Amino acid sequence: MGLQDKAYTLRNCKAVLVDSETVKLNVNVVIERGVIRAVGKESEGDEIDCSGLVVLPGLVNAHTHSAMIALRGYSDDKELRQWLSDVWAFERTFPRQLMKLSTEVAVLEMLERGTTAFVDMYFNPEDVREMTEKYGIRAQAGFTFLDSMFDPSEVERLQRGLRGTELFTPIINVHSVYSVSRETLKLAFELSRELNQRLQIHASETRGEVFYTKKNFGLFPVEFLIKEGLPEGSQLVHLGWIASWELDLLKNHHATYCPTSSMKLATAGAFPLYEAIRRGVNVSLGTDGPASNNSLDMFREMKNAVLQQRHNYWDARVTAKDAFRSATTGGYRLLGLKGGKVAQGYVADLVLLDADELYPFSPERLVSHVVYYTTGEAVKKLIVSGKIIEKETIRREKSRLVNEINESLSSLSYK
Ligand SMILES: [Zn+2]
């Protein structure tokens, strides 16, 4: 029986950021069977000295394309349409083994930088599932409906065979309204309902997309999806061009905001974070893929979320706490798990940061340091479902695999 199969204690944590509002100093965190049992003076089982560490809830990367590590830096400084065309050209001949290797490196990179769970949209969800078993990260992924590349009935067949595990949950991915036919969209909706798997789709990302749905269907993108019968609890990603009145259509769905990617691809618009939260929409945060961000660091993403909103509103109505909640409680709500807080009864998905890297140390400034100052570099350990993951182990494994990616790309003569 290993240390983490029975109750154990993170002893004397310098600070615990329970949630965006509460900090506890010099407390213990007791973990048992993957769940937080107590945060306070209690201690049980083996103890790990955490006097130099700050404990946060795990960060959820709510939208990425993990296998695109091989395309990092491949088509930068392009606008979305040209970028997509470059990327799709690469993907038509993307070697299967390189795709898997890329996903593995992305998983290690996310763990190394404080991501305890992620939602993936790509073509190799079985690799994602394998990585959850190998490294202990949580993930949700599925095959992707994208008519120019895959026969929809084949996507359906593969999706029906995709099984979940403790850490892996299948979802239905649809690339976007403009890259699938109306029939494919209906098929994906029906499959989502039948298999009871959440649907994820890029939506209202550009002005061009709004123009497309208006011209072809007479409706705005979100309005169109709802009218077509979008299954309850679906995940809509980007929404930079959502109309204010469309936000009310999202009450029973989830919104995912990817600020860095949308700024880098110059899609303009900006997800109306403040209004979405006020109207009760569940908002999570994602990096988008490594070919458009190009980082998978959720600390950077929290900062960029606030910065884009400041630039958009010309005031400080969106705060560091909003970004922190989107990356934690918003992310876990999307996953359907009781997580995102360091409190009794919540899943033991935690990030342990080096307290010396969060200076000047002050409980009142902790959320601010986490969002505006630090990066994934300050992560020392991670805990997912009660299992401890050491950063050094992850680092060693990652550097070995990065060498393989480099060799593979040079043998394929990609620049
Ligand atoms: Zn995306």
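Tabulated data
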{"quantity": "Condition check for LEU334: within 16 Å of the ligand (Cβ to nearest atom) and out of contact with any helix residue (DSSP H, G or I) (no Cβ under 8 Å at 6 or more places or on another chain)", "calculated": "yes"}
{"quantity": "Hits in segment 134-162 - residues which are free of Cβ contacts under 8 Å to residues at least 24 places away in the same chain and not in a helix (DSSP H, G or I)", "calculated": "ASP151, GLY161"}
{"quantity": "Pick from segment 79-94, criterion part of a loop (DSSP other than H, G, I, E, B) and surrounded by fewer than 17 Cβ atoms within 10 Å (Cβ to Cβ), ranking: modelled with the highest pLDDT", "calculated": "GLU79"}
{"quantity": "Selection within segment 226-269 - of a type outside the set (Lys, Arg), within 16 Å of the ligand (Cβ to nearest atom) and part of a helix (DSSP H, G or I)", "calculated": "PRO259, THR260, SER261, SER262, MET263"}
{"quantity": "Single residue of segment 111-130 satisfying the filter (closer than 15 Å to MET298 by Cα and within 15 Å of the ligand (Cβ to nearest atom)) that is surrounded by the fewest Cβ atoms within 10 Å (Cβ to Cβ)", "calculated": "ASP120"}
{"quantity": "Yes/no for ARG400 being of a type in the set (Lys, Arg) and either assigned to a strand (DSSP E or B) or out of contact with any strand residue (DSSP E or B) (no Cβ under 9 Å at 6 or more places or on another chain) (or both)", "calculated": "yes"}
{"quantity": "Selection status of GLU364, modelled with pLDDT under 95 and not in a strand (DSSP E or B)", "calculated": "no"}
{"quantity": "Members of segment 198-225 found to be more than 14 Å from the ligand (Cβ to nearest atom) and in a loop (DSSP other than H, G, I, E, B), listed by number", "calculated": "ARG198, GLY218, LEU219, PHE220"}
{"quantity": "Condition met for GLU42 (outside the structural domain of VAL283 (by TED's automatic domain parsing) and either within 14 Å of the ligand (Cβ to nearest atom) or part of a strand (DSSP E or B) (or both))", "calculated": "no"}
{"quantity": "Residue check, SER75 touching a Phe, Trp or Tyr at 6+ places or on another chain (Cβ under 6 Å), more than 16 Å from the ligand (Cβ to nearest atom) and touching a residue at least 60 places away in the same chain (Cβ under 8 Å)", "calculated": "no"}
{"quantity": "Residue in segment 56-66 that is in contact (Cβ under 8 Å) with a residue 12 or more places away in the chain, in contact with a strand residue (DSSP E or B) (Cβ under 6 Å, 6 or more places away or on another chain), outside any strand (DSSP E or B) and more than 16 Å from the ligand (Cβ to nearest atom) present", "calculated": "yes"}
{"quantity": "Residue under evaluation GLU21, criteria (1) buried (at least 18 other Cβ atoms within 10 Å of the Cβ); (2) in contact (Cβ under 8 Å) with a residue 60 or more places away in the chain; (3) under 27 Å from ALA323 (Cβ atoms), criterion not met", "calculated": "(1)"}
{"quantity": "Segment 290-313, residues that are within 16 Å of the ligand (Cβ to nearest atom) and in a loop (DSSP other than H, G, I, E, B)", "calculated": "PRO290, ALA291, SER292, ASN293, ASN294, SER295, LEU296"}
{"quantity": "MET99, sole failed condition from (1) away from the ligand (no atom under 15 Å from the Cβ); (2) closer than 29 Å to THR374 by Cβ; (3) in the same structural domain as GLN140 (by TED's automatic domain parsing); (4) touching a residue at least 12 places away in the same chain (Cβ under 8 Å)", "calculated": "(2)"}
{"quantity": "Tabulated pairs, segment 287-304, first on the phi > 0 side of the Ramachandran plot and at pLDDT 95 or above, second within 12 Å of the ligand (Cβ to nearest atom) and of a type in the set (A, V, I, L, M), C-beta under 9 angstrom, 6+ apart or interchain", "calculated": "ASP288/VAL237; ASP288/LEU265"}
{"quantity": "Among the candidates ALA7, ALA67, ALA38, residue that is buried (at least 16 other Cβ atoms within 10 Å of the Cβ), over 17 Å from GLY114 (Cα atoms) and in contact with a Phe, Trp or Tyr (Cβ under 6 Å, 6 or more places away or on another chain)", "calculated": "ALA67"}
{"quantity": "The one condition in (1) surrounded by 14 or more Cβ atoms within 10 Å (Cβ to Cβ); (2) in contact with an Asp or Glu (Cβ under 8 Å, 6 or more places away or on another chain) that LEU195 fails to fulfil", "calculated": "(2)"}
{"quantity": "Count - residues of segment 270-289 that are outside any loop (DSSP other than H, G, I, E, B) and either outside the structural domain of GLU205 (by TED's automatic domain parsing) or under 30 Å from VAL107 (Cβ atoms) (or both)", "calculated": "7"}
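Residues are listed down the side, and each one gets a yes or a no for (1) in the same structural domain as ALA268 (by TED's automatic domain parsing); (2) out of contact with any Leu (no Cβ under 8 Å at 6 or more places or on another chain):
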residue: ARG317; (1), (2): yes, yes
residue: LYS321; (1), (2): yes, yes
residue: LEU358; (1), (2): no, no
residue: PHE361; (1), (2): no, yes
residue: VAL371; (1), (2): no, yes
residue: THR374; (1), (2): no, no
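The values are calculated or read from the model by the stated rules, or taken from the named source; none is laboratory data. What you are looking at is a predicted structure, and each value in this text was computed from that prediction instead of being measured. Quick reminder, even Gly has a Cβ in these numbers, built from the backbone with ideal geometry, and neighbours come from all protein chains shown.
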